[in-house]
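Scroll down for the structure; my scribbles are underneath it.
The values are calculated or read from the model by the stated rules, or taken from the named source; none is laboratory data. Everything numeric here is computed off the predicted structure, so don't read it as measured data. When we count neighbours, we look across all protein chains shown, and the Cβ atoms used for this are built from the backbone with ideal geometry, even at glycine. Please note that ligands, DNA and RNA were not included when accessible areas were found on the heavy atoms of the full protein model with its side chains. Shrake-Rupley method; radii C 1.70, N 1.55, O 1.52, S 1.80 Å.
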Amino acid sequence: MITKEEIVRKANEFGFQDVGFTSAEPFPSQRKVLEERREYYQWAFDAGLDLMAGTDPQTILPEAKSIIVVMEVYFRESYPASMESHFGRCYLDDDRVTRDRLGNRIKGFRDYLRASGMRTKIPFHLPHRLAAARAGMGTFGKNCLFYTRQVAHQSSWVLPIAVVVDAVLEPDSPTLEVGCPDWCKNTCIIACPTGALLGPRKIDPRKCISYLTYFGDGITPRELREPMGLWVYGCDRCQNVCPRNAAWLAKELPVNQKVVSMVPDFRLDKLLHMDIPYFNTRVWPHMFYMSEKDIWRWKMNVARAMGNSLEPKYIPELVRAFGENEDERVLGMVAWALGRIGGKDAAQALQGLPQKGSELVAEEVTLALEETGVSR
Ligand code: SF4
Ligand code: SF4
């Protein structure tokens, strides 16, 4: 049987700069949270993600004995500002579909473990951050994120990956506490624009912009449209404001060329006008939480971001999108965005929109015109 030292060395060779070990015992604290806050997570259960089962590694691998946690820094290279303003960093170079980077490294590491006689599973629904804390690899932030002990300047720009194995490996000492300094007066909780952070380590995921951008139902409620700002997919605000992340944010990092090459495809105007083939070939392989049937939500998010950008250059794009779309959620948000940009040109554009869509759309157009101070 291979030793922990050999596993660590191999994980390092595959680019995982930190490795920890914990037992495959259940996670009762996570189970308790899920039971107590069932309504917060009902959407996940409804989507077929059995988070409850994920709290017991033996439901995933009956012979499970240990968990090896490898730490991936997903922000080891810098990203263009035009991408960081609209998309959460953890989604920018996520190759779970393209499998050209991290996917290959995980596969190589798992192949090594298998060749050494271990059975392995990497379950999506296991509490990976909690596994990392139990393996002593860092502490929690009040924003519910995990802060690493030794890579990326102890920041939260990491993805702990828990590999359940059937081998007995000595566990490391847990670090299950919150590691925030007393002098930080809950900056993340105050800064969360949608009030998703209810208190230290307590989040209502249904209010989080990340959830709202890819799972939100119906047209985004009016009271959330401005707070959701420029985010189109994901949100990094509670990490950007965190002093525990300041040292890494200040670092000069090499530029991620893969993400640079994605910039033209992810321009807001391109996303607003994209058709299904464009979505499936250029967008979905990188950001895949929404399928083509949810393309309306992409467009609605983009229209809202254009509105919040206050950029008059988007007025013609929004008018064009009003003509191209039939979905009332897109049409309603396009009208809202024109009202949000405001000014004479936006008012004229709103007045010139064809009569189409449902009552909801007509109401959004009327309200948007009121925003600009001009009546229809
Ligand atoms: S990701 Fe954004 S919306 Fe979600 S908790 Fe953090 S600041 Fe709030
Ligand atoms: S902003 Fe402050 S309270 Fe929130 S995670 Fe960072 S250090 Fe902790």
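Annotations for the structure displayed:
- Criterion violated by residue 199 - all others in (1) within 16 Å of ligand 1 (Cβ to nearest atom); (2) within 28 Å of residue 290 (Cβ to Cβ); (3) open to solvent by less than 20 Å² (accessible area, probe 1.4 Å) satisfied: (2)
- Of the helices (runs of 4 or more DSSP H) lying entirely inside region 167-285, those containing at least 1 residues that are away from ligand 2 (no atom under 16 Å from the Cβ) and at negative phi span 209-215, 222-225, 257-262, 268-273.
- Checking each residue in region 131-142 for being open to solvent by 10 Å² or more (accessible area, probe 1.4 Å) and within 8 Å of ligand 2 (Cβ to nearest atom) picks out only 142.
- The set of residues in region 67-81 being open to solvent by 40 Å² or more (accessible area, probe 1.4 Å) and farther than 16 Å from residue 93 by Cα is empty.
- Checking region 165-176 against the condition returns no match, with no residue being within 21 Å of the chain's Cα centre (by Cα) and open to solvent by less than 20 Å² (accessible area, probe 1.4 Å).
- Flag if residue 64 is surrounded by 14 or more Cβ atoms within 10 Å (Cβ to Cβ), assigned to a loop (DSSP other than H, G, I, E, B) and of a type in the set (Gly, Ala, Ser): yes
- Within region 75-88, the residues that satisfy the criterion of being more than 16 Å from ligand 2 (Cβ to nearest atom), under 15 Å from residue 255 (Cα atoms) and touching a Phe, Trp or Tyr at 6+ places or on another chain (Cβ under 9 Å) are 76, 79, 82, 83.
- If you go through region 91-109 and pick out every residue that is part of a helix (DSSP H, G or I) and open to solvent by less than 50 Å² (accessible area, probe 1.4 Å), you end up with 7.
- Cβ pairs under 7 Å, 6+ apart, first in region 139-153 and on the phi > 0 side of the Ramachandran plot and modelled with pLDDT of 95 or more, second open to solvent by 30 Å² or more (accessible area, probe 1.4 Å) and within 14 Å of ligand 1 (Cβ to nearest atom): 144/201; 144/203
- Any hit, region 215-233, residues being surrounded by fewer than 22 Cβ atoms within 10 Å (Cβ to Cβ), over 28 Å from residue 331 (Cβ atoms), free of Cβ contacts under 8 Å to residues at least 60 places away in the same chain and more than 12 Å from ligand 1 (Cβ to nearest atom): no
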